[in-house]
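Contents: one structure, followed by commentary.
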Amino acid sequence: MPTSYPRAHGLLDGRVTLVTAAAGAGIGYATARRCAEEGATIVLSDRHERRLAAAAEALTELTGVKPLAVPCDVTSEAQVLALFDAVVEAHGRLDVVVNNAGLGGTAPLADMTDEEWHAVIDVTLTGTMRCTRAALRHMIPQGGGVIVNNASVVGWRAQRGQAHYAAAKAGVMALTRCVALEAAEHGIRVNAVAPSLAVHPFLAKVTSEELLAELAAKEAFGRSAEPWEVANVIVFLASDYSSYMTGEVVSVSSQHP
């Protein structure tokens with residue numbers, strides 16, 4: 001069974017924190033909620049405006065504080081720049097960025113179209129690059145910050161039908177390591193999480209029960225992670241408890257190679 005939902009400890013008190021792809025019931029919203037519970041000033045972003053508004057309302061009800069919510073499609077450089085400008089305009093600074101936006105899909109490479117390949121790469125890898133680049137341009141002048149990217153264990157391991165997604169997530173891992181070296185001299189830390197299986201309502205809706213059960217059986221605990229369990233690791237990486245960690249990819253499972 002999952003462990004108990006954690007008590008807050010003020011790990012992110014006062015830190016302006018942006019979470020992309022934060023609408024819905026997955027890791028993004030769970031991360032925004034956990035960061036808010038730890039005292040962060042939250043900015044939510046997502047390309048789905050209706051779900052983004054619902055997420056902002058839900059977070060307001062939970063915390064009593066209404067977060068800034070800015071629609072953004074990470075495949076658009078103009079929208080990414082507008083998002084980061086909006087954060088700084090509203091709050092004066094940007095302390096933490098969680099790059100959660102990603103796009104999956106399943107197709108054997110022999111049947112995969114260029115459009116399917118590019119769609120996954122553009123959101124998952126290039127979108128993470130766009131947001132990381134925008135974050136650095138604000139964090140470097142202010143002399144510090146934290147970036148946490150969402151990778152995946154499929155960036156390490158092989159899985160049928162996942163060539164595009166695995167390539168994108170492996171790219172996120174490499175991007176994280178390279179940018180960490182460039183950012184260190186500016187007091188900026190860049191790390192990533194690599195979740196395995198975190199089940200939420202949307203994933204359950206688009207994935208068969210049989211496949212989910214098969215994947216869960218391969219996990220060390222014999223179950224999928226709760227989204228908030230992944231969010232806990234993101235909070236750790238965003239906090240001062242990880243002050244000497246940068247360029248790391250932390251597996252939120254037992255499946256590091």
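The values are calculated or read from the model by the stated rules, or taken from the named source; none is laboratory data. Remember, predicted model here, so these are calculated numbers, not experimental data. Ligands, DNA and RNA are stripped out before the accessible areas are found, and what is left, the full protein with its side chains, is counted by its heavy atoms. Shrake-Rupley method; radii C 1.70, N 1.55, O 1.52, S 1.80 Å.
For residue 190, nonlocal amide neighbours, meaning residues 5 or more places apart or on other chains whose placed amide H falls under 5 Å from its own, are 147, 247.
Computed with a 1.4 Å probe over protein heavy atoms only, the accessible area of residue 236 comes to about 80 Å². If you model the range 30-130 as an ellipsoid using its alpha carbon gyration tensor, with each semi-axis the square root of five times an eigenvalue, the axes come out at 29, 16, 11 Å, biggest first.
Helix content alone sets the calculated 222 nm mean residue ellipticity of the chain: runs of n ≥ 4 DSSP H residues at -39500 (n - 2.57) each, divided across all residues, give -14000 deg cm²/dmol.
In Å³ and rounded to a whole number, note down the convex hull volume per residue for the Cα atoms of the range 21-68.
On the way: hull volume 2.7 nm³, N = 48.
Hull volume over Cα atoms, normalised by residue count, gives 56 Å³.
Measure nothing but the geometry: give the 0 to 90° angle between the long axis through the Cα atoms of 127-142 and the longest principal axis through the Cα atoms of the chain, rounded to 10°. On a 0 to 90 degree scale, this one is about 20. Diagonalising the gyration tensor over the Cα atoms of the range 1-85 and scaling each eigenvalue by 5 before taking the square root yields semi-axes of 23, 14, 12 Å, largest first.
Take every Cα pair under 8 Å whose residues are at least 6 apart in sequence, average their separation, divide by the length of the chain, and the relative contact order is 20 percent.
Of the residues 49, 226, 210, which exhibits the maximal mean-square fluctuation in a Gaussian network model of the chain defined by a 10 Å Cα contact cut-off? Per the Cα network of the chain with a 10 Å cutoff, 210 tops the list.
Taking the longest Cα principal axis of the chain as reference, the axis of helix 227-238 is set at about 50 degrees. By the Cα gyration tensor, the range 90-196 has an equivalent ellipsoid whose semi-axes, rounded to whole angstrom, run 29, 13, 10 from largest to smallest. Computed over protein heavy atoms with a 1.4 angstrom probe, the accessible surface ordering of 139, 129, 112, largest first, is 129, 112, 139. Cut-off 10 angstrom, C-alpha nodes, Gaussian network model of the chain. Which of 140, 188, 27 fluctuates the most? Looking only at 140, 188, 27, the largest GNM fluctuation is found for 140. Here is the size of the range 92-149 from its Cα atoms: Rg then Dmax, 15.1, 49 Å. Give the percent of DSSP beta bridges with both residues in the chain that are antiparallel, rounded to the nearest 5. DSSP beta bridges in the chain are roughly 0 percent antiparallel. Relative to the longest principal axis of the Cα atoms of the chain, the long axis of helix 163-183 makes an angle of roughly 30 degrees.
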